[in-house]
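Student: Below you will find the structure I want to go over with you.
The values are calculated or read from the model by the stated rules, or taken from the named source; none is laboratory data. Everything numeric in this text was worked out from a predicted model, so none of it was measured. Here the Cβ is made from the backbone with ideal geometry for all residues, glycine too, and neighbour counts use every protein chain on show.
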Amino acid sequence: MSAELISGKDLATNIKKDLAVEVEELKKQGVTPHLTVVLVGHDPASESYVKGKEKACAETGMGSNVIRLDETISEDELIQTVDKLNKDDAVHGILVQLPLPDHIDEQKIIDLIDPEKDVDGFHPVNIGRLVTEQEGMVSCTPLGIMEMLDSKNIEIQGKNAVVVGASNIVGKPVAQLLLNRGATITNCHIYTEDLKAHTKMADILVVAVGKAHLITADHVKEGAAVIDVGINRLEDGSMTGDVDFENVKEKASYISPVPGGVGPMTITILLKNTIIACKRQENVE
Ligand code: BQF
C-alpha cells in the first residue's frame with residue numbers, strides 16, 4: 001500500500017483563496033493587512049524565503065514591504081528599526097527573517113517585537129500563551145502542520161505523536177500543539193539514545209532535524225502519518241527532506257513531500273497570522 005500524499009502546496013492554494021476573500025472584505029472596511037519583513041544581510045536562502053513571503057502577500061491582496069539592512073548593521077540599529085515598526089500603526093505584522101548575523105543576539109531582537117505584531121509567534125509571551133492555551137500568535141510552521149493533519153481528518157487525541165527535533169521554531173511548538181490537542185507526545189532530539197525505538201511508536205511522526213533521509217522505512221510504524229519539515233539542499237541545488245520518501249511512503253498511511261509539503265503551508269499561515277493580527281489591532285471582524 002502506498003501512502004496518501006498530504007500536499008501542502010495544494011492546501012496552501014485553497015487556503016489562500018479564502019484569505020484573499022477575507023482581505024477583500026477588510027479592504028471594504030478600509031483596512032489592509034500589512035506585513036513588514038526585516039532582512040539583514042544577503043543569505044541566499046533567506047532572500048528566497050523573503051521573496052516568497054512578499055509574493056504570497058501580493059497574491060492575497062495584502063500589503064507588504066521589506067526593510068533590507070546591511071550585514072554589518074549594529075544590534076542597536078536593528079533594535080531601533082524594530083522599535084519604529086512596533087510604533088507604526090500601519091504595520092500589523094513584523095517578521096525579522098532568521099537567522100541573524102552572529103554579532104546580533106537573536107533572542108534579544110525577538111523579545112523586543114510587540115507580541116501583538118509577532119506573526120512568527122516566537123516572542124516568549126506568545127510561547128507562554130501557547131503553553132497555557134490562551135489566544136495569541138502561534139508560530140507558522142507548527143500551525144501549518146496541524147492544518148495539514150486536519151485537512152485529512154487524521155485523529156490526534158489519544159494518539160502517539162513523536163516529534164524529532166526540539167528547536168524553538170518548530171520542534172517544541174509543534175509538540176506543544178499536539179499535546180494541546182490530546183496527543184501523547186515524545187520529543188526526540190540530538191541526545192536521544194534510541195531514535196528508532198521512539199519513532200516506531202508514532203501514529204503521527206513529525207521530523208524537523210535538517211538531516212537528509214534520516215528517517216527510513218525502519219523508523220516508521222505501519223500506517224503512520226509522516227510530516228517532513230526538513231529542507232536539505234543537494235549538490236545540484238534541489239531540495240530534499242529528512243524522510244526517505246520513496247521507501248517510507250510504502251509503509252505510512254499519509255506522507256508530506258519536500259518540496260511542496262510543509263514549506264508552502266508555513267507561508268500561508270504567515271498570511272493568516274498577519275490577517276489575525278490586523279483584525280485584533282484594528283478592532284474589526
Ligand atoms: C516548498 C526556513 C529554515 C530556516 C529559516 C516553500 C518555503 C520552503 C519550502 C519557505 C523556511 C522554510 C522559511 C517550500 C520559509 C520554509 O515548496 O517546499 C516555501 O519559504 N519557508 C523561512 O523563512 O526561514 C527559514 C527554514
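Student: State which residue pairs qualify: first residue within 16 Å of the ligand (Cβ to nearest atom) and inside the stretch 236-260, second residue assigned to a loop (DSSP other than H, G, I, E, B) and at pLDDT below 95 in any location, beta carbons under 8 Å apart, and separation of 6 or more residues or different chains.
Tutor: Going by the 8 Å Cβ cut-off, the qualifying pairs are THR240/LEU234.
Student: While we're on this one: Testing ILE110 on (1) β-branched (Val, Ile, Thr); (2) in contact (Cβ under 8 Å) with a residue 24 or more places away in the chain; (3) in contact with a helix residue (DSSP H, G or I) (Cβ under 9 Å, 6 or more places away or on another chain), one condition comes back false. Which one is that?
Tutor: Checking ILE110 against (1) β-branched (Val, Ile, Thr); (2) in contact (Cβ under 8 Å) with a residue 24 or more places away in the chain; (3) in contact with a helix residue (DSSP H, G or I) (Cβ under 9 Å, 6 or more places away or on another chain), the one that fails is (2).
Student: Looking at the stretch 145-162 only, could you name the residues that are part of a strand (DSSP E or B) and within 16 Å of the ligand (Cβ to nearest atom)?
Tutor: Residues satisfying the conditions do not exist here.
Student: Would you mind telling me which numbered condition in (1) under 29 Å from GLU282 (Cα atoms); (2) surrounded by fewer than 20 Cβ atoms within 10 Å (Cβ to Cβ) GLN157 fails?
Tutor: Just one mismatch for GLN157, condition (1).
Student: Taking the stated definitions as given, is VAL206 surrounded by 17 or more Cβ atoms within 10 Å (Cβ to Cβ), modelled with pLDDT of 95 or more and within 20 Å of VAL138 (Cα to Cα)?
Tutor: Answer is yes for this residue.
Student: Now for a different question. Within the stretch 174-212, which residues are among the basic types (Lys, Arg) and either under 21 Å from the mean Cα position of the chain (by Cα) or assigned to a loop (DSSP other than H, G, I, E, B) (or both)?
Tutor: ARG181, LYS200, LYS211
Student: Turning to a different aspect of this structure: Could you look through the stretch 40-69, keep only residues that are among the β-branched types (Val, Ile, Thr) and over 12 Å from ILE267 (Cβ atoms), and pick out the one that is farthest from the ligand (Cβ to nearest atom)?
Tutor: Among residues in the stretch 40-69 that are among the β-branched types (Val, Ile, Thr) and over 12 Å from ILE267 (Cβ atoms), the one farthest from the ligand (Cβ to nearest atom) is ILE67.
Student: Condition first: hydroxyl-bearing (Ser, Thr, Tyr) and outside any strand (DSSP E or B). Now tell me which residues in the stretch 34-52 satisfy that.
Tutor: Passing the criteria: SER46, SER48, TYR49.
Student: Still on this structure, please answer the following. If a residue has to be among the polar types (S, T, N, Q) and surrounded by fewer than 16 Cβ atoms within 10 Å (Cβ to Cβ) to count, how many in the stretch 39-76 make the cut?
Tutor: Number of matching residues: 4.
Student: Would you check which residues across the stretch 46-73 are touching a residue at least 24 places away in the same chain (Cβ under 8 Å) and of a type in the set (A, V, I, L, M, F, W, C) and list them?
Tutor: VAL50, ALA56, CYS57, MET62, VAL66, ILE67, LEU69, ILE73
Student: Inspect all residues belonging to the stretch 273-280 and state whether any of them is part of a loop (DSSP other than H, G, I, E, B), closer than 29 Å to GLN157 by Cβ and either in contact (Cβ under 8 Å) with a residue 24 or more places away in the chain or more than 12 Å from the ligand (Cβ to nearest atom) (or both).
Tutor: No, that holds for no residue.
Student: Name the residue, out of LYS55, LYS9, LYS84, LYS16, that is within 23 Å of ASP118 (Cβ to Cβ), touching a helix residue (DSSP H, G or I) at 6+ places or on another chain (Cβ under 8 Å) and assigned to a helix (DSSP H, G or I).
Tutor: Criteria check complete, one pass: LYS16.
Student: Ok, one more. Evaluate the following for VAL31: is it part of a loop (DSSP other than H, G, I, E, B) and touching a Cys at 6+ places or on another chain (Cβ under 8 Å)?
Tutor: Judged against the criteria, VAL31 is a match.
Student: In addition: Give the residue that is farthest from the ligand (Cβ to nearest atom), with candidates limited to residues of the stretch 93-144 that are farther than 16 Å from THR36 by Cβ and among the β-branched types (Val, Ile, Thr).
Tutor: Result: THR132.
Student: Under 7 Å by Cβ, and 6 or more places apart or on different chains, what pairs join a residue from the stretch 123-146 that is more than 12 Å from ARG181 (Cβ to Cβ) with one that is at pLDDT below 95 and assigned to a loop (DSSP other than H, G, I, E, B)?
Tutor: Nothing qualifies.
Student: Check the stretch 171-188 and report whether any residue there is among the hydrophobic types (A, V, I, L, M, F, W, C), surrounded by 15 or more Cβ atoms within 10 Å (Cβ to Cβ) and within 16 Å of the ligand (Cβ to nearest atom).
Tutor: Yes, there is a match, as at least one residue in the stretch 171-188 is among the hydrophobic types (A, V, I, L, M, F, W, C), surrounded by 15 or more Cβ atoms within 10 Å (Cβ to Cβ) and within 16 Å of the ligand (Cβ to nearest atom).
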